[in-house]
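Read through the structure below, which is laid out as C-alpha coordinates, and then see the notes.
The values are calculated or read from the model by the stated rules, or taken from the named source; none is laboratory data. Note that the structure is a prediction, hence the values are computed from the model and not measured. Every residue, glycine as well, gets a Cβ built from its backbone with ideal geometry; the counts of neighbours run over all protein chains shown. Just so you know, the surface numbers come from the protein's heavy atoms only, side chains and all, with ligands and any DNA or RNA stripped out. Shrake-Rupley method; radii C 1.70, N 1.55, O 1.52, S 1.80 Å.
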Amino acid sequence: MTFCLADATSMRLLASRLDDAAEEITRLQGASVAVGLPLTASPELAHYEGPLRNLVEWCHSSAAEIRRRAAVAAQADLIGWSPSGDNAAYDALMTAAAGGIDDQLAAFDALGPQGDAAAFFAALTPTQALGVALARAAQVGARAGVPFGLRFAANRQLVRQAHAEAVRVGDKAAVARYARLLNPDRQLLLFDPRGLGKIAEVRGDLATAKNVAILVPGTGNHLANYLGGSEGTLQTIHGAAAGLSASTATILWMGSPLPQSLGAATLDLPADRGAPELRDFVHDLRLAPEVRTTLIGHSYGSVVTGHAVREGLHPDNLVAVASPGWGVASAGELNASETKLFAMRHQGDIIKLVPTADETLGMLVPLPDTVAGHGEDPVYMPGVERLSSGSEAHPVYGIDLDAHSDYFGGSEAGRLAGLNLARVIVGDDYETYEEAKAAL
(Lines give C-alpha, C1' and ligand atoms only; values in the text may rest on other atoms or scores of the structure.)
Protein backbone atom coordinates (compact mmCIF):
# COMPACT_ATOMS: atom_id res chain seq x y z
CA MET A 1 0.00 0.00 0.00
CA THR A 2 1.27 3.50 -0.86
CA PHE A 3 0.72 6.27 1.68
CA CYS A 4 0.96 9.87 0.58
CA LEU A 5 0.26 12.35 3.36
CA ALA A 6 0.99 16.01 3.71
CA ASP A 7 3.93 15.83 6.08
CA ALA A 8 6.07 13.66 8.32
CA THR A 9 4.08 14.56 11.43
CA SER A 10 0.82 13.32 9.91
CA MET A 11 2.48 10.11 8.82
CA ARG A 12 3.89 9.44 12.29
CA LEU A 13 0.49 10.15 13.83
CA LEU A 14 -1.21 7.65 11.51
CA ALA A 15 1.47 5.06 12.26
CA SER A 16 0.88 5.48 15.99
CA ARG A 17 -2.87 5.11 15.51
CA LEU A 18 -2.38 1.88 13.57
CA ASP A 19 -0.12 0.49 16.30
CA ASP A 20 -2.70 1.51 18.91
CA ALA A 21 -5.43 -0.28 16.96
CA ALA A 22 -3.35 -3.45 16.76
CA GLU A 23 -2.65 -3.34 20.49
CA GLU A 24 -6.32 -2.84 21.28
CA ILE A 25 -7.32 -5.86 19.18
CA THR A 26 -4.65 -7.89 20.92
CA ARG A 27 -5.81 -6.72 24.34
CA LEU A 28 -9.44 -7.60 23.66
CA GLN A 29 -8.45 -11.05 22.54
CA GLY A 30 -6.28 -11.71 25.55
CA ALA A 31 -3.08 -11.58 23.47
CA SER A 32 -4.12 -14.77 21.66
CA VAL A 33 -4.27 -13.09 18.27
CA ALA A 34 -0.71 -11.85 18.54
CA VAL A 35 0.85 -15.11 19.67
CA GLY A 36 -1.29 -17.45 17.57
CA LEU A 37 -3.06 -19.26 20.42
CA PRO A 38 -6.71 -20.25 20.41
CA LEU A 39 -9.08 -17.41 21.32
CA THR A 40 -9.89 -17.31 25.03
CA ALA A 41 -11.28 -13.86 25.83
CA SER A 42 -14.24 -13.99 23.40
CA PRO A 43 -15.06 -17.54 22.30
CA GLU A 44 -17.92 -16.25 20.17
CA LEU A 45 -15.34 -14.56 17.95
CA ALA A 46 -13.38 -17.74 17.29
CA HIS A 47 -14.56 -17.71 13.70
CA TYR A 48 -12.66 -14.44 13.20
CA GLU A 49 -9.38 -15.57 14.74
CA GLY A 50 -7.46 -15.72 11.44
CA PRO A 51 -8.76 -12.44 9.99
CA LEU A 52 -8.11 -10.62 13.27
CA ARG A 53 -4.58 -11.93 13.42
CA ASN A 54 -4.02 -10.80 9.83
CA LEU A 55 -5.42 -7.39 10.72
CA VAL A 56 -2.98 -7.01 13.62
CA GLU A 57 -0.08 -7.92 11.35
CA TRP A 58 -1.30 -5.48 8.70
CA CYS A 59 -1.57 -2.66 11.22
CA HIS A 60 1.99 -3.21 12.48
CA SER A 61 3.56 -3.65 9.04
CA SER A 62 1.69 -0.63 7.66
CA ALA A 63 2.78 1.46 10.64
CA ALA A 64 6.41 0.48 10.02
CA GLU A 65 6.12 1.36 6.33
CA ILE A 66 4.53 4.72 7.11
CA ARG A 67 7.32 5.52 9.57
CA ARG A 68 9.91 4.76 6.88
CA ARG A 69 8.13 7.15 4.55
CA ALA A 70 7.81 9.70 7.35
CA ALA A 71 11.60 9.60 7.79
CA VAL A 72 12.00 10.52 4.13
CA ALA A 73 9.35 13.25 4.39
CA ALA A 74 11.24 14.61 7.41
CA GLN A 75 14.28 15.00 5.18
CA ALA A 76 12.14 17.07 2.82
CA ASP A 77 11.05 19.18 5.78
CA LEU A 78 14.70 20.03 6.45
CA ILE A 79 14.86 21.56 2.96
CA GLY A 80 11.45 23.21 3.03
CA TRP A 81 9.34 24.33 0.12
CA SER A 82 9.89 27.78 -1.36
CA PRO A 83 7.21 29.61 -3.37
CA SER A 84 9.88 31.27 -5.50
CA GLY A 85 12.98 29.08 -5.25
CA ASP A 86 14.23 25.82 -6.70
CA ASN A 87 12.19 23.01 -5.13
CA ALA A 88 13.75 20.11 -7.05
CA ALA A 89 15.31 18.54 -3.95
CA TYR A 90 12.17 18.99 -1.86
CA ASP A 91 9.94 17.55 -4.59
CA ALA A 92 12.27 14.59 -5.14
CA LEU A 93 12.12 13.65 -1.46
CA MET A 94 8.36 14.05 -1.29
CA THR A 95 8.06 11.81 -4.35
CA ALA A 96 10.17 9.25 -2.51
CA ALA A 97 8.03 9.62 0.62
CA ALA A 98 4.91 8.99 -1.46
CA GLY A 99 6.34 5.79 -2.91
CA GLY A 100 7.12 7.19 -6.34
CA ILE A 101 10.62 5.71 -6.48
CA ASP A 102 10.16 2.58 -4.37
CA ASP A 103 11.54 0.37 -7.14
CA GLN A 104 14.62 2.54 -7.60
CA LEU A 105 15.32 2.68 -3.86
CA ALA A 106 14.97 -1.09 -3.60
CA ALA A 107 17.33 -1.54 -6.55
CA PHE A 108 19.91 0.79 -4.98
CA ASP A 109 19.72 -1.08 -1.67
CA ALA A 110 20.20 -4.34 -3.55
CA LEU A 111 23.42 -3.06 -5.15
CA GLY A 112 25.36 -3.44 -1.93
CA PRO A 113 28.62 -1.60 -1.26
CA GLN A 114 30.39 -3.11 -4.27
CA GLY A 115 27.65 -2.56 -6.84
CA ASP A 116 28.12 -0.43 -9.95
CA ALA A 117 26.71 2.87 -8.75
CA ALA A 118 27.73 4.67 -11.93
CA ALA A 119 25.63 2.37 -14.13
CA PHE A 120 22.76 2.45 -11.65
CA PHE A 121 22.43 6.24 -11.58
CA ALA A 122 23.01 6.53 -15.34
CA ALA A 123 19.84 4.48 -15.89
CA LEU A 124 17.64 6.83 -13.80
CA THR A 125 15.86 10.02 -14.72
CA PRO A 126 17.29 13.15 -13.07
CA THR A 127 14.36 13.29 -10.64
CA GLN A 128 14.72 9.63 -9.70
CA ALA A 129 18.49 9.98 -9.27
CA LEU A 130 18.11 13.01 -7.02
CA GLY A 131 15.43 11.29 -4.96
CA VAL A 132 17.60 8.22 -4.37
CA ALA A 133 20.65 10.37 -3.56
CA LEU A 134 18.76 12.38 -0.96
CA ALA A 135 16.78 9.51 0.53
CA ARG A 136 19.99 7.49 0.87
CA ALA A 137 22.33 10.40 1.58
CA ALA A 138 24.51 8.52 4.07
CA GLN A 139 25.22 5.82 1.49
CA VAL A 140 25.59 8.12 -1.53
CA GLY A 141 27.65 11.04 -0.21
CA ALA A 142 31.03 9.30 -0.30
CA ARG A 143 30.29 6.57 -2.83
CA ALA A 144 32.47 5.92 -5.85
CA GLY A 145 30.78 6.13 -9.22
CA VAL A 146 28.01 8.47 -8.13
CA PRO A 147 27.99 11.66 -10.25
CA PHE A 148 29.64 14.52 -8.38
CA GLY A 149 26.49 16.63 -8.42
CA LEU A 150 24.53 13.90 -6.65
CA ARG A 151 27.30 13.45 -4.09
CA PHE A 152 27.22 17.18 -3.43
CA ALA A 153 23.44 17.00 -2.95
CA ALA A 154 23.70 14.00 -0.61
CA ASN A 155 26.37 15.58 1.57
CA ARG A 156 24.40 18.81 1.68
CA GLN A 157 21.51 16.78 3.07
CA LEU A 158 23.84 15.28 5.69
CA VAL A 159 24.84 18.80 6.71
CA ARG A 160 21.15 19.69 7.04
CA GLN A 161 20.70 16.72 9.36
CA ALA A 162 23.69 17.79 11.48
CA HIS A 163 22.34 21.34 11.58
CA ALA A 164 18.93 20.15 12.76
CA GLU A 165 20.53 18.03 15.49
CA ALA A 166 22.68 20.96 16.61
CA VAL A 167 19.55 23.10 16.86
CA ARG A 168 17.82 20.38 18.85
CA VAL A 169 20.59 20.11 21.45
CA GLY A 170 21.27 23.84 21.57
CA ASP A 171 24.85 23.75 20.23
CA LYS A 172 25.06 27.31 18.93
CA ALA A 173 28.60 27.00 17.59
CA ALA A 174 27.69 23.92 15.57
CA VAL A 175 24.48 25.58 14.34
CA ALA A 176 26.51 28.51 12.99
CA ARG A 177 29.15 26.21 11.52
CA TYR A 178 26.69 24.01 9.66
CA ALA A 179 24.71 27.03 8.49
CA ARG A 180 27.84 28.26 6.73
CA LEU A 181 28.42 24.84 5.19
CA LEU A 182 24.91 25.07 3.73
CA ASN A 183 25.84 28.07 1.60
CA PRO A 184 24.81 27.36 -2.01
CA ASP A 185 28.38 27.45 -3.34
CA ARG A 186 29.59 24.58 -1.14
CA GLN A 187 30.56 21.34 -2.87
CA LEU A 188 31.20 18.52 -0.41
CA LEU A 189 32.36 15.05 -1.41
CA LEU A 190 32.47 13.87 2.19
CA PHE A 191 30.82 14.93 5.43
CA ASP A 192 30.58 13.20 8.79
CA PRO A 193 30.07 15.19 12.01
CA ARG A 194 30.85 12.30 14.36
CA GLY A 195 33.94 12.44 16.55
CA LEU A 196 36.54 14.86 15.19
CA GLY A 197 34.51 14.95 11.99
CA LYS A 198 35.32 14.38 8.33
CA ILE A 199 35.00 16.70 5.37
CA ALA A 200 36.20 16.97 1.78
CA GLU A 201 35.35 20.19 -0.03
CA VAL A 202 35.84 21.01 -3.70
CA ARG A 203 36.45 24.33 -5.41
CA GLY A 204 36.12 24.48 -9.16
CA ASP A 205 34.43 22.14 -11.65
CA LEU A 206 35.73 18.69 -10.80
CA ALA A 207 33.89 17.06 -13.71
CA THR A 208 35.73 19.09 -16.37
CA ALA A 209 39.00 19.99 -14.63
CA LYS A 210 42.29 19.22 -16.33
CA ASN A 211 44.26 19.90 -13.15
CA VAL A 212 43.17 18.54 -9.77
CA ALA A 213 44.94 19.18 -6.48
CA ILE A 214 44.20 17.38 -3.23
CA LEU A 215 45.33 19.12 -0.05
CA VAL A 216 45.77 17.37 3.29
CA PRO A 217 46.23 19.62 6.37
CA GLY A 218 48.25 18.83 9.47
CA THR A 219 48.14 18.44 13.23
CA GLY A 220 45.29 20.04 15.16
CA ASN A 221 42.83 20.23 12.29
CA HIS A 222 39.29 18.89 12.70
CA LEU A 223 35.78 19.68 11.52
CA ALA A 224 35.00 22.19 14.28
CA ASN A 225 37.90 24.48 13.27
CA TYR A 226 37.74 23.82 9.53
CA LEU A 227 36.02 27.09 8.63
CA GLY A 228 38.60 29.11 10.54
CA GLY A 229 41.63 27.25 9.24
CA SER A 230 41.90 24.71 6.43
CA GLU A 231 39.09 26.31 4.43
CA GLY A 232 41.35 29.35 4.04
CA THR A 233 44.09 27.13 2.64
CA LEU A 234 41.63 25.74 0.10
CA GLN A 235 40.49 29.21 -0.94
CA THR A 236 44.02 30.55 -1.32
CA ILE A 237 45.52 27.66 -3.26
CA HIS A 238 42.50 27.26 -5.51
CA GLY A 239 42.40 30.98 -6.20
CA ALA A 240 46.07 31.00 -7.18
CA ALA A 241 45.84 27.85 -9.32
CA ALA A 242 42.56 28.82 -11.01
CA GLY A 243 44.10 32.21 -11.77
CA LEU A 244 46.74 30.40 -13.81
CA SER A 245 44.36 27.86 -15.36
CA ALA A 246 40.57 27.99 -15.19
CA SER A 247 40.48 24.22 -15.77
CA THR A 248 41.49 23.54 -12.17
CA ALA A 249 39.69 21.94 -9.27
CA THR A 250 41.06 21.86 -5.73
CA ILE A 251 40.00 19.54 -2.92
CA LEU A 252 40.67 19.89 0.79
CA TRP A 253 40.55 16.42 2.33
CA MET A 254 40.10 15.62 6.01
CA GLY A 255 38.73 12.12 5.70
CA SER A 256 40.54 10.55 8.62
CA PRO A 257 41.30 11.86 12.13
CA LEU A 258 44.51 13.87 12.33
CA PRO A 259 46.67 14.00 15.48
CA GLN A 260 45.54 16.76 17.80
CA SER A 261 48.81 17.26 19.70
CA LEU A 262 52.53 17.38 18.94
CA GLY A 263 53.03 14.22 20.96
CA ALA A 264 50.47 12.33 18.91
CA ALA A 265 52.05 13.72 15.74
CA THR A 266 55.25 11.79 16.42
CA LEU A 267 53.37 8.53 15.87
CA ASP A 268 52.63 6.79 12.59
CA LEU A 269 49.22 5.43 13.60
CA PRO A 270 47.08 8.34 12.32
CA ALA A 271 48.91 8.20 8.98
CA ASP A 272 48.60 4.42 8.80
CA ARG A 273 44.86 4.73 9.33
CA GLY A 274 44.39 7.68 7.02
CA ALA A 275 46.51 6.44 4.11
CA PRO A 276 44.08 3.84 2.71
CA GLU A 277 41.19 6.26 3.20
CA LEU A 278 42.99 8.93 1.18
CA ARG A 279 44.08 6.43 -1.48
CA ASP A 280 40.53 5.14 -1.92
CA PHE A 281 39.07 8.65 -1.92
CA VAL A 282 41.29 9.76 -4.80
CA HIS A 283 40.83 6.50 -6.72
CA ASP A 284 37.08 6.79 -6.27
CA LEU A 285 37.06 10.16 -8.01
CA ARG A 286 37.70 8.17 -11.20
CA LEU A 287 39.49 11.02 -12.90
CA ALA A 288 40.47 10.61 -16.53
CA PRO A 289 44.09 9.49 -17.07
CA GLU A 290 44.98 12.79 -18.74
CA VAL A 291 44.02 14.86 -15.67
CA ARG A 292 47.10 16.18 -13.88
CA THR A 293 46.85 15.32 -10.19
CA THR A 294 48.86 16.93 -7.42
CA LEU A 295 48.84 15.68 -3.84
CA ILE A 296 49.95 18.29 -1.28
CA GLY A 297 50.44 17.53 2.39
CA HIS A 298 51.17 20.22 4.96
CA SER A 299 53.01 19.25 8.15
CA TYR A 300 51.52 15.95 9.42
CA GLY A 301 49.33 15.92 6.33
CA SER A 302 52.50 15.18 4.35
CA VAL A 303 53.02 12.07 6.49
CA VAL A 304 49.53 10.92 5.51
CA THR A 305 50.21 11.58 1.83
CA GLY A 306 53.52 9.70 1.95
CA HIS A 307 51.87 6.67 3.52
CA ALA A 308 49.05 6.87 0.95
CA VAL A 309 51.54 6.82 -1.92
CA ARG A 310 53.20 3.79 -0.38
CA GLU A 311 49.70 2.24 -0.24
CA GLY A 312 49.33 2.60 -4.01
CA LEU A 313 48.18 6.19 -4.64
CA HIS A 314 50.29 7.55 -7.50
CA PRO A 315 49.56 11.19 -8.33
CA ASP A 316 51.48 13.06 -10.99
CA ASN A 317 52.99 15.31 -8.32
CA LEU A 318 53.59 14.78 -4.61
CA VAL A 319 54.46 17.87 -2.58
CA ALA A 320 55.59 17.91 1.05
CA VAL A 321 55.12 21.31 2.69
CA ALA A 322 56.76 21.93 6.09
CA SER A 323 57.08 18.19 6.42
CA PRO A 324 58.39 15.99 9.23
CA GLY A 325 58.76 13.24 6.61
CA TRP A 326 56.89 10.98 4.22
CA GLY A 327 57.57 7.94 6.37
CA VAL A 328 60.42 6.72 4.16
CA ALA A 329 64.21 6.88 4.26
CA SER A 330 64.52 7.39 0.51
CA ALA A 331 62.39 8.44 -2.44
CA GLY A 332 62.58 4.92 -3.85
CA GLU A 333 60.68 3.55 -0.86
CA LEU A 334 57.59 5.42 -2.05
CA ASN A 335 57.38 2.99 -4.98
CA ALA A 336 56.09 5.76 -7.23
CA SER A 337 58.59 6.11 -10.04
CA GLU A 338 56.15 8.05 -12.25
CA THR A 339 55.35 10.61 -9.55
CA LYS A 340 57.36 13.82 -9.49
CA LEU A 341 58.46 14.66 -5.94
CA PHE A 342 58.68 18.13 -4.43
CA ALA A 343 59.33 19.60 -0.99
CA MET A 344 58.96 23.13 0.36
CA ARG A 345 60.05 24.66 3.65
CA HIS A 346 60.62 28.20 4.87
CA GLN A 347 64.10 28.93 6.14
CA GLY A 348 62.68 29.90 9.52
CA ASP A 349 60.19 27.03 9.92
CA ILE A 350 60.64 25.42 13.32
CA ILE A 351 59.86 22.00 11.82
CA LYS A 352 63.53 21.79 10.79
CA LEU A 353 64.50 21.57 14.46
CA VAL A 354 62.05 18.82 15.37
CA PRO A 355 63.83 15.46 15.65
CA THR A 356 62.07 12.25 14.79
CA ALA A 357 60.57 10.27 17.63
CA ASP A 358 63.14 7.50 17.29
CA GLU A 359 65.91 10.07 17.79
CA THR A 360 64.41 11.25 21.06
CA LEU A 361 62.26 8.64 22.78
CA GLY A 362 64.32 5.94 21.12
CA MET A 363 67.21 6.83 23.36
CA LEU A 364 65.24 5.45 26.27
CA VAL A 365 62.82 3.03 24.64
CA PRO A 366 63.64 1.47 21.28
CA LEU A 367 60.90 2.47 18.82
CA PRO A 368 60.60 0.72 15.45
CA ASP A 369 60.14 2.96 12.42
CA THR A 370 56.68 1.46 11.94
CA VAL A 371 55.54 3.01 15.22
CA ALA A 372 57.15 6.45 15.46
CA GLY A 373 59.29 8.81 13.46
CA HIS A 374 58.61 9.80 9.88
CA GLY A 375 61.77 8.97 8.02
CA GLU A 376 64.17 11.37 6.36
CA ASP A 377 63.52 15.04 5.64
CA PRO A 378 62.08 15.35 2.10
CA VAL A 379 63.85 18.70 1.65
CA TYR A 380 67.23 16.94 1.58
CA MET A 381 66.13 13.67 0.03
CA PRO A 382 67.78 12.76 -3.30
CA GLY A 383 65.25 12.65 -6.08
CA VAL A 384 63.11 15.41 -4.53
CA GLU A 385 63.08 18.92 -5.98
CA ARG A 386 63.00 21.66 -3.37
CA LEU A 387 60.64 24.48 -4.26
CA SER A 388 61.18 28.11 -3.43
CA SER A 389 59.00 29.23 -0.52
CA GLY A 390 59.65 32.96 -0.81
CA SER A 391 61.78 33.02 2.35
CA GLU A 392 65.21 32.13 1.03
CA ALA A 393 66.74 35.37 2.41
CA HIS A 394 66.05 34.37 6.04
CA PRO A 395 69.06 33.38 8.14
CA VAL A 396 69.71 29.66 7.93
CA TYR A 397 69.44 29.22 11.69
CA GLY A 398 66.81 31.87 12.27
CA ILE A 399 63.45 30.74 13.64
CA ASP A 400 60.13 32.34 12.81
CA LEU A 401 57.38 30.90 15.00
CA ASP A 402 54.74 31.88 12.44
CA ALA A 403 56.54 30.34 9.47
CA HIS A 404 55.14 26.83 9.89
CA SER A 405 51.62 27.99 9.00
CA ASP A 406 52.63 30.57 6.42
CA TYR A 407 52.59 28.80 3.07
CA PHE A 408 49.15 29.69 1.79
CA GLY A 409 48.95 33.48 1.80
CA GLY A 410 49.23 35.85 4.75
CA SER A 411 52.75 37.25 4.49
CA GLU A 412 54.57 38.04 1.27
CA ALA A 413 56.54 34.81 1.66
CA GLY A 414 53.30 32.88 2.13
CA ARG A 415 51.84 34.44 -1.00
CA LEU A 416 54.91 33.49 -3.04
CA ALA A 417 54.87 29.96 -1.60
CA GLY A 418 51.22 29.53 -2.54
CA LEU A 419 51.83 30.84 -6.04
CA ASN A 420 54.71 28.41 -6.53
CA LEU A 421 52.51 25.53 -5.42
CA ALA A 422 49.85 26.71 -7.88
CA ARG A 423 52.40 26.58 -10.69
CA VAL A 424 53.13 22.95 -9.90
CA ILE A 425 49.40 22.18 -9.85
CA VAL A 426 48.74 23.58 -13.33
CA GLY A 427 52.04 22.51 -14.91
CA ASP A 428 53.56 25.98 -15.25
CA ASP A 429 57.23 26.78 -14.71
CA TYR A 430 57.90 26.83 -10.97
CA GLU A 431 60.80 28.33 -9.06
CA THR A 432 63.22 26.05 -7.26
CA TYR A 433 64.95 26.84 -3.98
CA GLU A 434 68.32 26.96 -5.74
CA GLU A 435 67.04 29.42 -8.33
CA ALA A 436 65.64 31.69 -5.65
CA LYS A 437 68.87 31.55 -3.65
CA ALA A 438 70.94 32.36 -6.72
CA ALA A 439 68.78 35.39 -7.43
CA LEU A 440 69.43 36.99 -4.01
Would you work out the charge dipole size for the chain about its Cα centre, treating the Cβ of every Lys and Arg as +1 and the Cβ of every Asp and Glu as -1, and quote it to the nearest 20 debye? 820 debye
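Over 33 Å apart: what share of the alpha carbon pairs of the chain falls there, rounded to a whole percent? The partial results should precede the final answer.
Details: 44824 of 96580 pairs.
It works out to 46 percent of all Cα pairs.
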The Cα extents of region 170-279 along the principal axes, largest first and rounded to whole Å, are 40, 37, 20
Cut-off under 16 Å on the C-alpha distance; same-chain residues fewer than 8 positions from Lys210 excluded. Which aspartates and glutamates are left, in chain and number order? Glu290, Asp316, Asp428
Checking rank on 265-277, 308-320, with mean other Cβ inside 10 Å and highest first, the result is 308-320, 265-277
Along the charge dipole of the chain, Cβ charges K/R +1 and D/E -1, which of Ala97, Tyr407, Ala119 sits furthest on the positive end? Ala97
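Leaving ligands, DNA and RNA out of it, report the carbon-plus-sulfur percent of the accessible area of the chain at a 1.4 Å probe.
Carbon plus sulfur share of accessible area: 56 percent.
Under Stokes-Einstein, with the Kirkwood radius over Cα pairs standing in for Rh, what whole-number D in µm²/s applies to region 75-201 at 25 °C and 0.890 mPa s?
Rounded to a whole number, D works out at 163 µm²/s.
Relative to the present Cα-Cα distance, how much length would full extension add between Ala21 and Asp205 at 0.36 nm per residue of separation? Intermediate values should be presented prior to the final figure.
Numbers: separation 184, 0.36 × 184 = 66.24 nm, distance 5.39 nm.
Value of the extension gain: 60.8 nm.
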GNM top mover of Asp103, Asp91, Asp280 - the chain, alpha-carbon springs below 10 Å: Asp103
Accessible area per residue, 1.4 Å probe, Å², for region 165-311: what's the number? 41 Å²
